[in-house]
Amino acid sequence: MKKLFRNGLSILALSVAIASCSSDDNSNNSDNGNGNGNGNGNGEGKEISGLVKKGETRTLEKNNEYTLTSKLEVQDGGKLVIEEGAKIIGAGGTASYIAIAQGGLIDVKGTSTNPVVMTSSKVERGSWGGLVICGKAPINGGSETAQSEVADLTYGGTKADDNSGSIKYLRIEYAGANFSSEKEFNGLSLFGVGSGTVIEYVQAHEGSDDGFEWFGGTVSAKYLVSTNNEDDQFDWTQGWSGQNNEFWYSKRAEGNRGIEADNSSKDNAAAPYSNPTIKNITLLGSLEGSEAQALKLREGTKGNLSNVFADFWAVGVDIQHDETIKNVNDGSLKINGIQFGKNITEKFKGANSGKEAVDVSKAIVEKDNDGAGNKDKAPEWTKGWTVGLN
């Protein structure tokens with residue numbers, strides 16, 4: 001999604017601050033040499049890239065450090081295993097990314113005290129690609145399948161319970177390398193990923209575009225942290241309908257929205273609809289910028305959100321377009337329990353496709369709650385594996 005452009009001095013200051021809080025992460029990078037790279041086997045300069053083909057498994061070993069020099073693509077029938085404490089350093093801009101193709105598997109085995117880290121050789125947003133996963137679950141958009149906007153892989157299909165693997169305790173930093181203002185990587189991009197995939201305890205930190213973005217699919221995600229990504233912290237489109245999402249925490253000092261939610265920009269009524277269920281959400285922002293909205297719900301999205309805590313936004317909930325307003329009125333778009341903090345300028349507003357103001361209060365039920373676990377403070381479940389929350 002389109003990004004916000006900011007003052008270069010603020011980026012420099014923020015980068016210095018991030019460097020100071022991340023410098024000691026995963027310092028234990030010993031390596032006994034496993035043959036999974038082109039390095040010297042001592043934990044330094046171990047390079048990875050290329051294809052993991054059908055029948056192959058590539059393992060990145062515990063507490064080893066690897067330099068990602070170009071794309072690492074897991075093809076149909078291949079598997080990538082990343083053990084706890086492994087650190088992957090992207091060093092190639094848009095050419096440096098990890099992609100899981102349809103039929104490929106990823107198994108990230110981080111722990112709360114020793115997460116897997118995907119980061120960059122530079123403490124700078126957008127200095128490498130990110131993690132892309134493509135599955136076989138349904139999407140909308142006029143055809144059964146499509147090509148991902150990054151990595152150029154097929155995604156979508158009819159297998160709602162498709163399984164692309166398991167990700168636990170992963171931190172993705174400084175991702176989001178961009179080809180243009182309309183084509184860029186996110187921290188974690190989920191293209192048509194199915195409900196058989198497990199995604200838990202993942203942080204997207206200081207990316208150049210969205211932290212997390214769903215392009216259709218049915219996958220759910222729990223215990224997500226999205227911090228200071230340049231565009232939106234969470235974003236969905238193309239009919240995403242994960243039903244078991246919970247505990248999402250986001251915080252940004254600058255950037256755009258907490259959640260940006262679409263069905264389809266080409267056809268707001270396209271099926272399958274974007275229609276996720278998400279509970280226990282914290283969205284913390286800042287009052288600056290033209291897109292300082294905790295939740296932007298538009299282009300026909302449906303959804304059932306509950307236990308939301310939002311603060312430090314110009315607008316709490318902004319709902320737009322005729323199809324989305326229709327969903328408000330028939331009850332298929334609902335925020336059932338939201339607490340607006342003291343620093344929300346305007347709680348909610350709505351507009352139809354003609355940009356005329358519309359009453360959307362039917363979608364909003366205000367209720368005190370803890371959001372992702374601790375109101376405006378970092379939840380207990382974030383401790384030990386995240387950065388940038390203080």
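The values are calculated or read from the model by the stated rules, or taken from the named source; none is laboratory data. Remember, predicted model here, so these are calculated numbers, not experimental data. Glycine gets a Cβ as well: all are built from the backbone with ideal geometry, and neighbour counts include every protein chain shown. Only protein heavy atoms, including side chains, enter the accessible area calculation; ligands, DNA and RNA are left aside. Shrake-Rupley method; radii C 1.70, N 1.55, O 1.52, S 1.80 Å.
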Counting pairs of alpha carbon atoms under 8 Å apart in space and at least six apart in sequence, what relative contact order in percent does the chain give?
10
Expressed in nm to one decimal, what extension gain is obtained for the pair N336 and D368 from 0.36 nm per residue of sequence separation less their Cα-Cα distance?
10.4 nm
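Could you give the size of the charge dipole of the chain about its Cα centre, using +1 on the Cβ of each K and R and -1 on the Cβ of each D and E, expressed in debye and rounded to the nearest 20?
Working: 39 positive and 52 negative charges, 76 e Å.
Approximately 360 debye in magnitude.
At 1.4 Å probe radius, can you tell me the per residue accessible area of the range 37-190 in Å²?
36
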Cα-Cα over 23 Å: which of K183/K347; K326/K375; K222/K296; K87/K279; K349/K377; K326/K355?
K183/K347; K326/K375; K87/K279; K349/K377
Could you work out how far the C-alpha centroid of the range 49-75 sits from that of the range 347-390, in angstrom?
37
Peptides 238-246, 264-272 ordered by average Cβ neighbours within 10 Å, highest first
238-246, 264-272
Over the chain: helical MRE at 222 nm, DSSP H runs n ≥ 4 each giving -39500 (n - 2.57), nearest 500
-2000 deg cm²/dmol
Any idea of L188's accessible area? Nearest 10 Å², probe 1.4 Å.
0
Which option, [x] 23; [y] 47; [z] 57, is the value of percent of Cα pairs over 34 Å apart that was calculated from these coordinates?
[x]
Roll a 1.4 Å probe over the protein chains and send me the accessible area per residue for the range 237-384 in Å².
41
Given L287, N327, L80, which one lies farthest toward the positive end of the charge dipole of the chain, if we put +1 on the Cβ of every Lys and Arg and -1 on the Cβ of every Asp and Glu?
N327
Note the angle between two axes, namely the Cα long axis of helix 8-22 and the longest principal axis of the Cα atoms of the chain, as a number of degrees from 0 to 90, rounded to the nearest 10.
60
Using Cα-Cα distances under 8 Å and only pairs 6 or more residues apart, what relative contact order does the range 237-384 have, in percent?
22
On the accessible surface of the range 46-219, probed at 1.4 Å, how many percent belong to carbon and sulfur atoms?
42
Taking a probe of 1.4 angstrom, what is the accessible area of T158 in Å², to the nearest 10?
110
